[in-house]
Amino acid sequence: MSARSPRARRLFQVGRAALRVVRPLVPAGRRREWVQEWESELWHRLEEHERAAPIGGRTTVDLTLRLLGALPHALWLRREEWRLDMIGQDLLYAFRTLRKRPGFVAIVVGTLALGIGANTAMFTIVNSVLLQPLPFQHPEQLVSLNGSFSGGDEAAISPPDFLDYRAANTVFSSFAGRVGGNTMISGDGDPERVATWAITSNFFSTLGVAPLIGRGFLPNEEEGTGHDVLVLSNALWKRRFGGDPRVLGKSIIADGHGRTIVGVMPPLLDRTFPAELWRPIEFHMPNTSIRRFHFMRAVGRLKPGVSIPAAKAAMDVVSKQLEITYPENASWRLRLRSYREVVVGDVGRALTILLGAVGLVLLIACGNVASLQLARATARQGEIALRTALGASRTRLIRQLLTESLLLAVAGGAAGLALAWVVIRGVRVMAEGILPRLAEIRIDPTVLVFTGVVSLATGLIFGLAPAIHAARSDLARSLSTLGRGTGSGGSRARDLLVVAQMGLSLMLLIGAGLLFRSLVRLQNVDAGFDARGVMTAQINLPDTRYPDRPAQLQFATALLARLRAIPGVQGASAATVLPLMGGGDTYYYVDGHPPASDRDRKNAQIDQVAEGYFETMGIGVAAGRTFGATERAGGPPAVIISKVMAEREFHDESPLGKRLVVDFGKPLTAEIVGVVADVKSYGFDGPVYETMYFSTDQATGFGLSQFNLVVRDGGDPMRLIAPIRAVLGELDREIPLIQPQTMEDVVRDSMSQQRFGTRLLGGFALSALLLAVVGLYGVLAYAVAQRTRELGIRLALGAGRAQLFGLVLRRGMMIVASGTVLGLLGALAATRLMRGMLFEVGPTDPLIFGVVTLVLVTAGLVACLAPARRATRVNPIVALRAEQ
């Protein structure tokens, strides 16, 4: 440009000042060329503006802003071009370098796969169970409603109360209920017992789920007319009917009644609910008219803008009005919770702790890989020094080493993803009946993003420190070792990494130890019965052939008589409720001492048992007798109570001969004839509840259409399945033997959640210990290799081999001791979070802390022995010759 105005020159100076600011971002080798190019470009832009209009007609600020605004964009394009070119070179060089070290790559990728795979699997479970919303429309509006009274806040709701709540509600756009149960279906296949929910007609619409084909239920079908209809779950539809859409309008036999299939639900309900069959609830049935019988569960959909606390306040007003009208509702309220909280249950804390545990495993794995990278960087000091001497910048070296680390991390992430897929398949088998939403656990895009982020973050974590260390190495010193292939440095960093590894692994081991001791304590709890040698199964009697209690009792009596005649059977009986399987309850009071008000009523669990039940189950008799020939229909009602009930109700007095008035819809007065040992009803870690037992031979207010067989055998109780089925076939070939299992299986299932958590955390802890021990061994072995010359000199100057052994051993045990102290401090803080997962074990249990610490120290000592012995075998002549 021949003529340049003074204003243009001033703007050029401003542009040059801007170039000086960004100049350091440009690679050193290209800075001069780049500045010359952009000075020319700057003048070109000024010239264009001057041609369009005199620069004097524009303000200096305006043009300056335009120039500075264009500068970063152009600079980024230049930088991007350089980056893409350099990144391609870095990746190619990293791949070639790693390909020459297959053993190193295999160890690093395997270590990362273990850490990333465990984290991916655990995050998949947490994401599917805890983080993902329920598969319903606007799931945040769904609320579960439970009864809350002096006896607890997990109670069900009585059907009359439900109808009153639904009619008076002003905060829910929809209010639905359901009752759980089982149904025996037949026709078009073998008889089959399936889980069934009796629901209100608006249950599906409350959830916001439409049938896949057909329809749901109509309002009149819950009011007593046209209720002989069914809706199938997707799983039952495909399993029993092959997914045939022509199933609509087809009739099947359900509990002896013909019912018509009117709809099929989509698969999402199979993933959330256990029900396989849906039928309309029948509010016209007699047992649904008694306000004191609570067996319904309710779910509501909040109106837009209504919060759970506001809904709770509104429903409390309705509860108070019902209390005034119905005195038996005294102090009865509704407990409102997010429906998601109910579906997920109490596994949230356990899963969160396990996710934190696998996070620690990943950190330990990163520590191991970082230690390997430090050792490899030290061994490559000669190569790095040579590249530095040839002009490579420190930034260039760090980027190259980080590229290698990220490449390893990506490979480890891919292997970890494959490992996570295998682990998740195993979890689905192990956690059946333990984890909610189990069918929803799968690797989805969120999990893939998580794995990618973790892999990249892992590459940075274990790669950054070794890269910086390598780039800072002394050039002259590194070149001096170029011919020897060894170097020194980084030992303190590697020691600190192993200290952290030992501390983290100790924390995990202590957590696993606490869970293990808790499980042992749980297994040693006296459940009140002897599960050994006992088989149980369920019997359902269709009311079409067994319509009343006498017919049901006649069948049960004949069945038990034949079972007792089977060779090897030591006892056979029946009960409506078995230990560890829950149960129902009702109100009672001691005859002559009625409660002063409805608020003072007491309740106890109830069970109906046949003759010989206590002997067959191995339940001890504390006082009195068990049921026998004196308990017959029409005779004076008798009741047997549990020991805790006798102590709480009668204290030091004998309860025998006392009378209880029990609420079975109408009062029943029964004489106490015996006291038996307390039996756990809701798991080994649950409390012992007051329990009343009644004889099946006496009418007490509930029938025998469903009961549980219990049969004791001197050998393997499962051998009785075939003989029992033969006996059933002789009595009624259409009645199947449902879910035969041993009581020992029932006991194991009741502890399945604790066992599942213990196994997972124990596996993570052992993996962490293995990684930490391998890391300690690697550090010491590498230190011995690096100090070969020093050790040779010591030997040449008269040092004993025992001294060299102690030198290496002391360094290793100092690392172990430091890690132990760090781990103990961390465990004292972290294990407090596990308080809710432990049973009769404190979070700072000294026995576990002591034993686990001893295990870690012993493992650390074992890891130190091999490197220490290797130090004693150094040949001083060979060592000194190698350093010349």
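The values are calculated or read from the model by the stated rules, or taken from the named source; none is laboratory data. Everything numeric in this text was worked out from a predicted model, so none of it was measured. FYI the Cβ positions are ideal-geometry reconstructions off the backbone, even for glycines, and counts take in every protein chain you see. Accessible surface is based on the protein model in full, side chains and every heavy atom, while ligands, DNA and RNA are left aside. Shrake-Rupley method; radii C 1.70, N 1.55, O 1.52, S 1.80 Å.
Could you tell me which of the residues R532, R562 is open to solvent by 60 Å² or more (accessible area, probe 1.4 Å), under 29 Å from L737 (Cα atoms), assigned to a helix (DSSP H, G or I) and touching a residue at least 24 places away in the same chain (Cβ under 8 Å)? Criteria check complete, one pass: R562. Here L207 fulfils each of the conditions (1) under 30 Å from L163 (Cβ atoms); (2) open to solvent by 20 Å² or more (accessible area, probe 1.4 Å) apart from (2). A count restricted to the range 603-619 and to residues that are out of contact with any Lys or Arg (no Cβ under 9 Å at 6 or more places or on another chain) and not aliphatic (A, V, I, L, M) stands at 7. Here V639 fits the description: open to solvent by less than 30 Å² (accessible area, probe 1.4 Å), touching an Asp or Glu at 6+ places or on another chain (Cβ under 9 Å) and touching a residue at least 24 places away in the same chain (Cβ under 8 Å).
More than 34 Å from the chain's Cα centre (by Cα) and within 20 Å of M184 (Cβ to Cβ), is that true of A314? Against the criterion (more than 34 Å from the chain's Cα centre (by Cα) and within 20 Å of M184 (Cβ to Cβ)), A314 does not qualify. Residues of the range 103-116 include at least one that is open to solvent by 40 Å² or more (accessible area, probe 1.4 Å), of a type outside the set (S, T, N, Q) and over 29 Å from L355 (Cα atoms).
Listed here are the residues, each with its yes/no results for (1) under 30 Å from A500 (Cβ atoms); (2) in contact (Cβ under 8 Å) with a residue 24 or more places away in the chain; (3) touching a strand residue (DSSP E or B) at 6+ places or on another chain (Cβ under 7 Å).
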| position | (1), (2), (3) |
| --- | --- |
| I738 | no, yes, yes |
| E744 | no, yes, no |
| S752 | no, yes, no |
| A772 | yes, yes, no |
| G775 | yes, yes, no |
| G778 | yes, yes, no |
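None of L720, L769 is modelled with pLDDT of 80 or more, surrounded by 20 or more Cβ atoms within 10 Å (Cβ to Cβ) and under 30 Å from A863 (Cβ atoms) except L769.
From the list L362, L334, L302, the one residue that fits, being buried (at least 19 other Cβ atoms within 10 Å of the Cβ), of a type in the set (A, V, I, L, M, F, W, C) and closer than 30 Å to T831 by Cα, is L362. Within the range 660-683, being more than 15 Å from D607 (Cβ to Cβ), of a type in the set (D, E, K, R) and buried (at least 16 other Cβ atoms within 10 Å of the Cβ) holds for one residue alone: D663. Just one of (1) open to solvent by less than 10 Å² (accessible area, probe 1.4 Å); (2) under 24 Å from Y546 (Cα atoms) fails for E282. It is (1). Of the set (1) part of a helix (DSSP H, G or I); (2) crowded, with 16+ Cβ neighbours inside 10 Å; (3) modelled with pLDDT of 80 or more, all apply to D90 but (3).
Per the conditions (1) buried (at least 20 other Cβ atoms within 10 Å of the Cβ); (2) modelled with pLDDT under 85, the sole criterion not satisfied by S174 is (2).
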